[in-house]
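The structure under discussion appears below in the form of structure tokens.
Since every read-out is calculated from the coordinates, none of them should be taken as a lab result. What you see is a predicted model, and the numbers here were worked out from it, not measured in a lab. Note: ideal-geometry Cβ built from the backbone for every residue, glycine included; neighbour counts use all protein chains shown.
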Amino acid sequence: MMRVPGQWRWRTSTGAAGSLAFGVLIGLFFGPASLAAPMQADPAVEIHDRIADDAPDAKRVALTLDACSGKFDDDLIEFLIRNHIPATLFATKKWLDKNPYGVSVIKSHLDLFEVEDHGENHIPAVIGAGRKVYGIPGEPDIIHLRREVLGGAHAIEQTIGVPPHWYRAATAEYDSQATQEIEKLGYKIAGFSINADAGATLKQAAIEDRLKHVKGGDVIIAHMNKPAGDSAEGLSVGLIQLLKKGYVFVRLDQVDLKVIPGTGR
């Protein structure tokens, strides 16, 4: 089933006026009316997506790279630039603030890269006091979730100059309340179908092996924030092999996604 995002979408102006508008909008969302409905915990799920309407033999693949916090994997991004491989980059405000050089490289290649929202502070999209995903605390309430989504979007527009349209939460897990709220805010949620590097923890051989299973329509998730890991090495080999097999890489702004039946929500 296709996701249809809400009609409202956050827009900002640059400079002081944009900051003021952001503050006013946040104030509106965080007003007393937002506190009226207490949230009950519901299960978190990992959303798995494929490119909509693509058959396995279509050979279109979407590469997505997360920049949670940490550093800039220069080797990986330079490899993509040399080989003209487009990618969708999900960046947090934390990462953007800490990596001005990486931001400058990305901004000079917006023909290849689009930058989308990974949140303000890399907080999982699960709502309820004490809830965690992989040991990372989630959001205490829906107000904080809104802050995470809108704060990340604002940082991207201010830093990159292009408003985001997609959202991927920390850990890529969501409960149903968070999913509904993110879509109400006007953002499409980006799942995946191939986890290439398991949070940049896998060794090169394991990454290469996972990429051997890619089929047309797949959405690959990997990471560009841990240069000390093997993501650059494993992706460099695996992606070249996909190119040799005739696969074509697309960004998420060029396609839509659909939930894989039996997964996600």
_Of Lys93/Lys258; Lys212/Lys245; Lys107/Lys215; Lys188/Lys258; Lys98/Lys132; Lys94/Lys226, pairs whose Cα-Cα distance is over 18 Å_ = Lys93/Lys258; Lys107/Lys215; Lys98/Lys132
*Which length gain, in nm to one decimal place, applies between Tyr101 and Ile143 when the Cα-Cα distance is subtracted from 0.36 nm times their residue separation?*
11.9 nm
_Cβ-based exposure ranking for Thr179, Thr159, Thr88, Thr201, in which fewest neighbours within 10 Å come first_ = Thr201, Thr159, Thr179, Thr88
*In terms of the Cα gyration tensor, with a ≥ b ≥ c the square roots of its eigenvalues, is the stretch 46-259 rounded because a/c is under 1.5, prolate because a/b exceeds b/c, or oblate?*
prolate
